[in-house]
1. Among residues belonging to region B:14-40 that are under 39 Å from the mean Cα position of the chain (by Cα) and not in a helix (DSSP H, G or I), point out the one that is nearest to A:Arg61 (Cα to Cα).
2. Could you tell me which of the residues A:Arg28, A:Arg53, A:Arg108, A:Arg38 is within 10 Å of DNA strand C (Cβ to nearest atom) and either under 30 Å from A:Thr295 (Cβ atoms) or open to solvent by less than 40 Å² (accessible area, probe 1.4 Å) (or both)?
3. Consider region A:62-93. How many of its residues are more than 8 Å from every other protein chain (Cβ to nearest Cβ), under 15 Å from the mean Cα position of the chain (by Cα) and of a type in the set (S, T, N, Q)?
4. Could you tell me which residue of region A:41-50 is surrounded by the most Cβ atoms within 10 Å (Cβ to Cβ), considering only residues that are within 12 Å of DNA strand D (Cβ to nearest atom) and part of a helix (DSSP H, G or I)?
5. Before we move on, is B:Phe267 open to solvent by less than 20 Å² (accessible area, probe 1.4 Å) and of a type in the set (Phe, Trp, Tyr)?
6. Among the numbered conditions (1) open to solvent by 40 Å² or more (accessible area, probe 1.4 Å); (2) of a type in the set (Val, Ile, Thr); (3) in contact (Cβ under 8 Å) with a residue 60 or more places away in the chain; (4) within 13 Å of another protein chain (Cβ to nearest Cβ), tell me where B:Ile259 comes up short.
7. Quick one: in region A:111-130, of everything that is under 14 Å from A:Val68 (Cα atoms) and open to solvent by 20 Å² or more (accessible area, probe 1.4 Å), which residue is farthest from the other protein chains (Cβ to nearest Cβ)?
8. Within region B:95-118, is there a residue that is within 16 Å of DNA strand D (Cβ to nearest atom), farther than 22 Å from A:Ala120 by Cα and touching a residue at least 24 places away in the same chain (Cβ under 8 Å)?
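The values are calculated or read from the model by the stated rules, or taken from the named source; none is laboratory data. Since the structure is predicted, the reported quantities are computational estimates derived from the model, not experimental observations. Cβ: placed from backbone, ideal geometry, glycine included. Neighbour counts: every protein chain shown. Just so you know, the surface numbers come from the protein's heavy atoms only, side chains and all, with ligands and any DNA or RNA stripped out. Shrake-Rupley method; radii C 1.70, N 1.55, O 1.52, S 1.80 Å.
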2 protein chains.
Amino acid sequence: MKQRVTIVDVARDAGVSIATVSAALNDRPGVSEPTRKRIVATAKRLGWSPSLRGRSLSQKRAFSVGLVIQRNPSVIASDPFFAGFISGVESVLEDGGYALVLQVAPTRQRTIARYRQLAADHRVDGVFLTDVSIPDTRFDLVRRLGIPAVAINARPGGDGISSVRQAHEPAIDALLHHLVDLGHRRIAHVSGPKDYIHAHDRETAWREYLSGARIRPGACVEGDFSLASGSRAAAALLRRRPRPTAVFCANDLMAIGFIAKATELGFSVPGDVSVAGYDGIDFGAYARPSLTTVTTAPHVLGEQAARTLLAMLDGAPASHVDTEPASLVVRASTGPPT
Amino acid sequence: MKQRVTIVDVARDAGVSIATVSAALNDRPGVSEPTRKRIVATAKRLGWSPSLRGRSLSQKRAFSVGLVIQRNPSVIASDPFFAGFISGVESVLEDGGYALVLQVAPTRQRTIARYRQLAADHRVDGVFLTDVSIPDTRFDLVRRLGIPAVAINARPGGDGISSVRQAHEPAIDALLHHLVDLGHRRIAHVSGPKDYIHAHDRETAWREYLSGARIRPGACVEGDFSLASGSRAAAALLRRRPRPTAVFCANDLMAIGFIAKATELGFSVPGDVSVAGYDGIDFGAYARPSLTTVTTAPHVLGEQAARTLLAMLDGAPASHVDTEPASLVVRASTGPPT
DNA sequence: TTGAAAGCGGTACCAT
DNA sequence: ATGGTACCGCTTTCAA
């Protein structure tokens, strides 16, 4: 880790001042073409690349953005959202010369603390806010700290905070329509933690679609997005009388956990109970029965979020962008009630 | 993002020089207790926290470490290793005041390029090397660049490069012993890409155990660690004559893909063919049949890797640490041959 | 068009 | 025990 060649070396070698070198290599006007060429050549010959540190200090920019994942360690391992989201973010950051600082926090409180620290250190120029809750204190926090932020799958409207969202309603409507079409009338829901905005949104979509179709929403039990909580939900729901004939789970993990438990209890899926998930994770296609679900595109969401954030760092005002809505994928875990 | 209070403000307010403030707040000797207390108090009152940027420049340290994940975007989403590994890394870095810079690259070439850029920018003080291949040019690269590095699940021995490893042999031996014990004699293997060291290691462990047990190793087909490649392997292996009665897959994803395809082709698992995986991902417990596998501990590996790297940054020489070996978990996907 | 010099916010050496 | 000051590597006025 030995930094040798600096702007001073280049300047000396090219016989100009460091100011000229700086201007030349940042394509700023005021440098004659011959001089610029000469400088670029020597810089290249000397193998010089500008020090991010020096630049950071003088420009008061970190050239990186932050993401704090708030997730229980036991859930995070199987949650495929972040891998896709991050690779999307990364693909855009790379081209912009920015880097992603990733942190993991187990609780909401610790999450806040990490954002606060990121800000205090000036380690990042902007942040992503995922797993938005209601209310979410991070909004006020970043606003107060004056840090550009992009919220994912949150409602637009926070002033100064951008958002990127993939609509869930059309696909959830299509899913419920599919179930009703098959003849289901007792359709239960396994929700995520209710203070998460996306959990809340999915539940609301479920409830409203059914109300609109003049069907009384079935039971709703709260899970935590984990496989295990899906299993617990199955145990709870399948002992109810009358038993639901179909269940919409707020994510695929819970749906798979649900199916595993249902099968274990002697119920057949979809014979005795149809099960659908949300997310469209790869495993869904390999589960038995394969999972009817709603496919989402975390990678695209990540790309858009990164683009939006970089734009804000360049001075663009907060904005809201909608990506292509999620869509229904019908597989083998849903069928007519018997 | 307005940085206001600097060390100068604190110095002025406390009526001392900035040198004294710096010394006081870094617990360096040469500051009288009363002065130190006064300084700490004013710093706190003014809400001062040292600028990472200023410190970075003068200390020539980035206070962050890097990890470039090299993975095909389609595989990364379902691969649970990194989530666990990263959360382990992060938990240690947090306490050390370090941050993790995470990058994602689709190919080996791009991976190298990203490491090179991280070094050129001096964006990180050290790096993790995962998914080590044979040969792996990154070893020479980081050595040449003089960047402290920790390789994960690689063989010890690279001078100047530490390694952290969770032994696979005992568990793979136990797994094969389990299969042989059940009566299996035709035991096939679905490997990962053979140029990956861990893929190679697992295959070797399989081959050597069987040789040692005087059993001829069965067929070995190469996969890419994805669900889909597990399915392809099933199609290929199950049409062989004589058919293998058991299959050891180099990771759980392929094992699950294998089972899905086998079932689809009309084979029963473990009736017609026993299937075992490697990794111990959560899904294994929820698959039908539940998956016999080898559990690993990515989180622990991450913690150890981070500790080792931080130690190197503090001047410790390269070292090698072994974590608790992986261990066998017998579930329902393996049984006696029929 | 080019250069000198003042920051940016710290650390650390050397006097005092 | 303190303070003065020269860096660290770059950007950015302002003069020449």
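1. B:Asn26
2. A:Arg53
3. Residues meeting the conditions: 1.
4. The selected residue is A:Ala43.
5. It is false that B:Phe267 is open to solvent by less than 20 Å² (accessible area, probe 1.4 Å) and of a type in the set (Phe, Trp, Tyr).
6. Unmet condition: (1).
7. Restricting to residues being under 14 Å from A:Val68 (Cα atoms) and open to solvent by 20 Å² or more (accessible area, probe 1.4 Å), the top hit is A:Ile112.
8. Taking every residue of region B:95-118 in turn, at least one turns out to be within 16 Å of DNA strand D (Cβ to nearest atom), farther than 22 Å from A:Ala120 by Cα and touching a residue at least 24 places away in the same chain (Cβ under 8 Å).
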